[in-house]
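Right, one structure below, let's go through it.
The values are calculated or read from the model by the stated rules, or taken from the named source; none is laboratory data. This structure is a prediction, so every number in the text was calculated from the model and none was measured. So basically every Cβ, Gly included, is an ideal-geometry build from the backbone, and we count neighbours across all protein chains shown.
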Amino acid sequence: MSNQKKILVVDDEEDIQKLLKIRLEQESFAVITAGDGEAGIKAAELEMPDLIILDIMMPKMDGYTCLKEIRKIQKIKDTPILMLSGKEEEKVRDLFAFQKISGYMEKPFELDDLVSKIKEILKI
């Protein structure tokens, strides 16, 4: 059994998906991607990731709705979630304060900072 941590990246921007996949795989993470909230929920249920990176602004289902839905699903409800936002939003700070998310980062972000935040959340 591999000890490799699995990360699900849910973002509608393919460039960000690819960039994060490449960078996180360099850090020996297994990376799954999804292009919207609905696909993200399905992937989370199927793959049982150790961490979900969730963009807020997405078509079909935004990050807030996706987060709410994930928290309702018993087997993934406690999965750490790191939210990404184009701007700091009060709503994100509230989610962080109420421990519904493990952290957030504003876009654009430095990849090294993101990797550090992921390692901090996963305690590795």
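Scanning region 1-28 for residues that are touching a residue at least 40 places away in the same chain (Cβ under 8 Å), in contact with a strand residue (DSSP E or B) (Cβ under 7 Å, 6 or more places away or on another chain) and over 16 Å from T79 (Cα atoms) gives D11, D12, L20, L24.
Residue count for region 27-54 satisfying the condition of being of a type outside the set (A, V, I, L, M, F, W, C), surrounded by 15 or more Cβ atoms within 10 Å (Cβ to Cβ) and part of a helix (DSSP H, G or I): 4.
Looking across region 1-26 at every residue that is within 14 Å of E47 (Cβ to Cβ) and of a type in the set (V, I, T), the one that is surrounded by the most Cβ atoms within 10 Å (Cβ to Cβ) is identified as V10. In region 86-104, the qualifying residues are those that are of a type in the set (A, V, I, L, M, F, W, C) and more than 11 Å from L54 (Cβ to Cβ), and the one that is modelled with the lowest pLDDT is A97. Scanning region 87-114 for residues that are under 16 Å from D11 (Cβ atoms) and part of a helix (DSSP H, G or I) yields V92, L111, L114.
Of the residues making up region 70-80, those that are crowded, with 17+ Cβ neighbours inside 10 Å and either touching a residue at least 60 places away in the same chain (Cβ under 8 Å) or part of a helix (DSSP H, G or I) (or both) are I70, I76. Just one residue in the set M83, M61, M1, M57 is under 16 Å from K107 (Cα atoms), modelled with pLDDT under 95 and in a loop (DSSP other than H, G, I, E, B); that residue is M57.
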